[in-house]
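> The structure's right below; bear with me while I get my questions together.
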Amino acid sequence: YKTRLQELIHAKTHGKQVRYVLAHEEGPDHKKVFTMRAMLEDETLGEGTGNSKQSAGQEAARSALERLKAL
């Protein structure tokens, strides 16, 4: 999802980059839940949660792609 989102954003904005920001983390060290945001400049495109930062980032990208397809 992250690659598809970056390709879509790159094509529509002539080179801007999506960045992933840690919005929240909770839980004990052995069972953390991370929330990441897919951002374009100051706009949140999508948000996702997961058991790792990478999986939360993928979910944020998936969420962003769904939102962008709805526009």
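> Within segment 13-64, which residues are under 8 Å from the mean Cα position of the chain (by Cα) and among the aromatic types (Phe, Trp, Tyr)?
Tyr20
> In segment 18-41, what residues are modelled with pLDDT of 95 or more, within 23 Å of Ala70 (Cβ to Cβ) and open to solvent by 40 Å² or more (accessible area, probe 1.4 Å)?
Arg19, Tyr20, Val21, Ala23, Arg37 - these are the residues of segment 18-41 that are modelled with pLDDT of 95 or more, within 23 Å of Ala70 (Cβ to Cβ) and open to solvent by 40 Å² or more (accessible area, probe 1.4 Å).
> Return the residues of segment 28-71 that are in contact with a Gly (Cβ under 8 Å, 6 or more places away or on another chain) and among the hydrophobic types (A, V, I, L, M, F, W, C); say none if nothing qualifies.
Correct list: Val33, Phe34, Met36, Ala38, Ala56, Ala60, Ala61, Ala64, Leu65.
> Scanning for something exposed (fewer than 12 other Cβ atoms within 10 Å of the Cβ), outside any helix (DSSP H, G or I) and not aromatic (Phe, Trp, Tyr), does segment 58-69 turn up at least one residue?
Within segment 58-69, not a single residue is exposed (fewer than 12 other Cβ atoms within 10 Å of the Cβ), outside any helix (DSSP H, G or I) and not aromatic (Phe, Trp, Tyr).
> Taking the condition of being in contact with a strand residue (DSSP E or B) (Cβ under 7 Å, 6 or more places away or on another chain) and open to solvent by 40 Å² or more (accessible area, probe 1.4 Å), how many residues in segment 1-17 meet it? Let's see the steps before the verdict.
In the first step, residues of segment 1-17 are kept if they are in contact with a strand residue (DSSP E or B) (Cβ under 7 Å, 6 or more places away or on another chain); the result is 5, 9, 16.
Filter again for open to solvent by 40 Å² or more (accessible area, probe 1.4 Å), leaving 16.
Final tally of qualifying residues: 1.
The values are calculated or read from the model by the stated rules, or taken from the named source; none is laboratory data. This structure is a prediction, so every number in the text was calculated from the model and none was measured. As a convention, Cβ positions derive from the backbone with ideal geometry for all residues, glycine included, and neighbour counts pool all protein chains shown. Protein only, heavy atoms only, side chains kept; ligands, DNA and RNA dropped before computing areas. Shrake-Rupley method; radii C 1.70, N 1.55, O 1.52, S 1.80 Å.
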